[in-house]
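For reference, the structure is listed below as structure tokens.
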Amino acid sequence: MEILYSSTRDSGKKVTASQAILKGLSDDGGLFVPDHIPALELSMRELTGMSYQEIAYEVMRLYLTDFTEDELKNCISRAYDSKFDTKEIAPITEAEGTYYLELFHGSTIAFKDMALSILPHLMITSAKKNHAENEIVILTATSGDTGKAALAGFAGVEGTKIIVFYPKNGVSPIQEKQMVTQKGDNTFVVGIHGNFDDAQNGVKSLFNDPELAGEMAEAGLQFSSANSINIGRLVPQVVYYVYAYVKLLERGKVKDGEMINVVVPTGNFGNILAAFYAKNMGVPIGKLICASNENKVLYDFFVTGRYDRNREFKLTSSPSMDILISSNLERLIYRIAGNDAKKNAELMAALSRTGSYEITEQMRTQLADFYGNYADEQETAKRIKDMYENAGYVLDTHTAVASAVYQKYVADTKDETVTVIASTASPFKFTRNVMNAIDAKYDAMSDFELVDELSGIGKVAVPNAIEEIRMAPIVHDNVCDKTEMKAAVKRFLGLDSQS
Ligand SMILES: *Cc1c(COP(=O)(O)O)cnc(C)c1O
């Protein structure tokens, strides 16, 4: 059945999947949502034995209904290839009786690779299908991991340029080095004086800037987004939740139909929303456990029904979750408002005007699938140390937040359901915080000494992504104020001459 997409703020206009991918964000500032969540056509049992790529096709074809079989299979095989360092693409490791779904085996060792290795292919295919003549300019704000994953995906891709803004003091040293060493004439990386929310807001307002859009059109350019607001990122993320269940079933870790719980370390709410979509497609998922760090806006929201970003922004050891405005939550709000774009638009207007909104009791009753909690810095560090000592398994800081929140969930509920924790980054990306959590003595070492030390104690080879940047020269050294983002974009695109 064909699926069309409409904006969470205006259900009037409908677009195809390829048009939604190409645009990224709707003109009214809303996010594209499918008119319904499709049910899986094959049962979990029927999916057993399939590869990651085959399951990806079974899931994605239900959303991207205007792609032909050839087009979609071609995108999938180009994305999920030897760029991943394991054949399974998303292997599952058991530790302390819980299953860690390792989503960090792609080229930039964070879960963003799962979607960003396929997005460029989906985007180029979408441009062809819609006879789009303009060059596509990917404009992205990053809390650390999206930036590099998007750069790696789009570098050198003909017909595209990519611009990445990151918070200058808000990412890990390894994350920053990964971005500023990115090669490719079509890439542009800028650190801003501000936090991730400033970067994200700046990017959103550039998307909605009619003057800039006019100048770009004249120059044969158009923006699109590689952030998780793009439906072309959300859909590939649904795949690994289906895959995880199928693999547990294959290995006899769950019986057919048995429920599992899923824990997701959350920032922009994209990954956990994908799990929610998977549940609604028919994967036997019970609770969706939303794990936050000290920026616990989502925890407060689940407890009180009030979303309130008016609070201090904290820089933590899990920077990819340092977010106060979780963009993808809007897709959930729209749904629990009864797919009511007007109601959702009112709440989002309140959010941008006052920094907060409150949902109705009726809407709250539809959040029963979710459980929210958070872990502070000390709890996160302790979790890394304990896991290492108990199981010899080294967690990154984000996954450690999820693992700590899972322990709180079990203590609160005594729920012993089989649980999958989304493991979103390799510990090599956050080496200093990880190693310091294990033993304070490591603080004296340099970043790359720590890499080698981690490889030794964790008994894992240093990933390629790290070897690549060890000696790489810095090619991007742009820094600007959060108010100067537009000027930076115009400079890179060569649009500043006429103004
Ligand atoms: C982006 C990211 C998250 C948060 O994912 P969202 O989809 O934004 O909720 C968690 N962990 C890591 C390592 C990330 O890169």
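The values are calculated or read from the model by the stated rules, or taken from the named source; none is laboratory data. These figures come from a predicted structure and were not determined experimentally. Virtual Cβ from ideal backbone geometry, glycine too; neighbours counted across all protein chains shown. Note: accessible area is taken over every heavy atom of the protein model, side chains too, but ligands, DNA and RNA are not part of it. Shrake-Rupley method; radii C 1.70, N 1.55, O 1.52, S 1.80 Å.
Computed across region 275-402, the Kirkwood hydrodynamic radius from all distinct Cα-Cα pairs reaches 16.0 Å. For region 181-322, the percent of C-alpha pairs falling in each 5 Å distance bin, counted from 0 to the bin holding the largest distance, reads 2, 8, 12, 15, 16, 15, 12, 9, 7, 3, 1, 0. Ignoring trypsin sites (Lys or Arg not before Pro) that are buried or in helix or strand per DSSP, and keeping those with at most 14 other beta carbon atoms within 10 Å, what is the longest stretch of the chain between them? Answer - 315-413.
Of the GluC sites (Glu not before Pro) found in region 283-330, those in coil by DSSP whose Cβ has at most 10 other Cβ atoms within 10 Å are 312. Of all DSSP bridge pairs formed entirely within the chain, close to 25 percent run antiparallel.
Reported to the nearest whole Å, the Cα centre-to-centre distance from region 421-470 to region 328-404 is 27. Computed in the context of the full set of protein chains, the accessible area of region 256-380 at 1.4 Å probe radius has 46% of its extent on carbon or sulfur. Looking at region 127-187, the GluC sites (Glu not before Pro) that sit in a DSSP loop and have at most 15 other Cβ atoms within 10 Å of their own Cβ are 133, 158. For region 202-235 versus region 55-82, the spacing of their alpha-carbon centroids is 24 Å. The Stokes-Einstein estimate for region 84-173, based on a Kirkwood radius over Cα pairs and taken at 37 °C with 0.692 mPa s viscosity, is a diffusion coefficient of 223 µm²/s. Compactness of region 1-95 is given as radius of gyration and Dmax, 15.9, 48 Å, from Cα positions. In this structure, the amide hydrogen of residue 11, modeled 1.01 Å from its nitrogen in the peptide plane, lies closer than 5 angstrom to those of 341, counting only residues at least 5 positions away or on a different chain.
Here the spin labels are modelled as points 7 Å beyond Cα on the Cα-Cβ line, and at residue 360 and residue 484 they lie 4.8 nm apart. The fraction of accessible area contributed by carbon and sulfur in region 1-149 is 47 percent, rounded to a whole number (1.4 Å probe; ligands and nucleic acids excluded).
What's the center-to-center distance, using Cα atoms, between region 139-183 and region 16-36 in Å? If we compute the Cα centre of each part, the gap is 23 Å. For the chain, the solvent-accessible area works out to 37 Å² per residue, with a probe of 1.4 Å and every protein chain left in place. Pairs of lysine residues in region 1-160 that meet both criteria, 8 or more places apart or on different chains and Cα atoms under 14 Å apart, total 6. The lysines whose alpha-carbon is closer than 20 Å to the alpha-carbon of residue 441, local same-chain residues fewer than 8 away aside, are 382, 385, 429, 459.
Restricted to Cα atoms, region 102-230 shows a radius of gyration and a Dmax of 14.2, 44 angstrom. Dimensions of the chain based on its C-alpha atoms, expressed as ranges along the principal axes with the largest first, amount to 63, 52, 47 Å.
Under 5 Å from the amide H of residue 260 lie the amide H atoms of 285, 286, each residue being 5 or more positions distant or on a separate chain, with H modelled from the backbone and absent for Pro and chain starts.
The residue 82 and residue 259 beta-carbon pair, evaluated with R₀ = 25 Å, returns a calculated FRET efficiency of approximately 0.10.
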